[in-house]
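Read-outs throughout are calculated quantities, based only on the coordinates presented, and are distinct from any laboratory measurement. Values in this document were obtained by computation on a predicted structure and should not be read as measured data. Glycine also receives a Cβ, built like all others from the backbone with ideal geometry; neighbour counts cover every protein chain displayed.
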Amino acid sequence: MRREPRNSPAIVLRQIDYGESDLIVSLLTAEQGMLRGYARSARKSIKRFGPALEPFSQIEIRWQPGRGELLTLLDADLISPRQGLRLSLTSLAMAGYAVEVYEMLLQEGEEQSEMFSLLQGYLDYLATQGDPALARLLFELRLVQHLGYIPHLLHCSECFVQFSEGAIAFDPARGGSLCDACAGDSSPLHVGLGTLGSLSRSLQTPIGLFDGFRLGSRTLQEGAVMLSLILGSVLPRSPKSLRFLQQTTVLDEP
């Protein structure tokens, strides 16, 4: 039975050398989700692939089902190499971190239109020298919301009272924000109401939008701790890329 070629917009996640000139390539597409394909002679074929299969590139890939688990990648058009990512070690590390998190959480072959938009917007923003701390916070916040793990923010997760002032207890294991009466002495973290409000408003915007946001230093700091706690309960393990990210953040500081 003849396998008809298909075209898909895609983001290159990673590539692995195979043999003398071939590549195994991991991709994210909107309609088919995570895919892996075999690109024959990709390291030699300038005409069919050129630089299109570099990690984090935006491409149009032509492919067809293979005989095994891998697709057969026929050729690719480069839409954007996102060269700006390579101007900063932190931005490059942030891109690698997002890819590793996706590979841990997303299943191959499932439709992922929102996750495609999120990664596309995140990488585009970093490639234009956007604020890495802001990018990471918005990426992680929207990721956990899409996966169904977003906690209660502006009301108590147990008695549902609305918050109006003060520092709010936060415990993802108990559903998120907690009033003083419900929290008792067990909450591992307290955050400002302004932080919770900013995060809540951020979730009302398109999932792939990163430009135009302005978050204060307190929101960035408290939000980072909150998302670290949430992801710690969601991810199967700590991403290996986090250590490299922490090192490059120090190196990129003025």
**Rough spin-label spacing in nm, given labels placed 7 Å along Cα→Cβ, for ASN7 and SER233** = 4.6
**Message:** Using Cα-Cα distances under 8 Å and only pairs 6 or more residues apart, what relative contact order does the chain have, in percent?
**Reply:** 17
**Prompt:** If you take the alpha carbon radius of gyration of the chain and divide it by 2.2 N^0.38 Å, what ratio comes out, to two decimals?
**Reply:** 1.14
**Prompt:** Given LEU73, ALA30, LEU13, which one lies farthest toward the positive end of the charge dipole of segment 6-81, if we put +1 on the Cβ of every Lys and Arg and -1 on the Cβ of every Asp and Glu?
**Reply:** LEU73
**Request:** In whole angstrom, note down how far apart the Cα centers of segment 67-104 and segment 1-39 are.
**Result:** 11
**Request:** For segment 190-254 and segment 133-165, write down the distance between their C-alpha centroids in whole Å.
**Result:** 11
**Prompt:** Suppose every K and R has +1 on its Cβ and every D and E has -1 on its Cβ; what is the size of the dipole of segment 6-81 about the Cα centre, in Debye to the nearest 20?
**Reply:** 180
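How do 140-148, 22-30 rank on mean C-beta neighbours within 10 Å, highest first? Can you show the working numbers first?
On the way: 140-148: 18.0, 22-30: 20.8.
Going from most to least packed, we get 22-30, 140-148.
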**Hydrodynamic radius of segment 117-254 per Kirkwood, over alpha carbon pairs, in Å** = 15.8
**Message:** What does the charge count around ASP124 come to, taking other residues whose C-beta lies under 15 Å from its C-beta (Lys +1, Arg +1, Asp -1, Glu -1)?
**Reply:** +2
**Message:** If you fit an axis through the alpha-carbon atoms of helix 113-127 and take the longest principal axis of the Cα set of the chain, what angle between them do you get, 0 to 90°, nearest 10?
**Reply:** 90
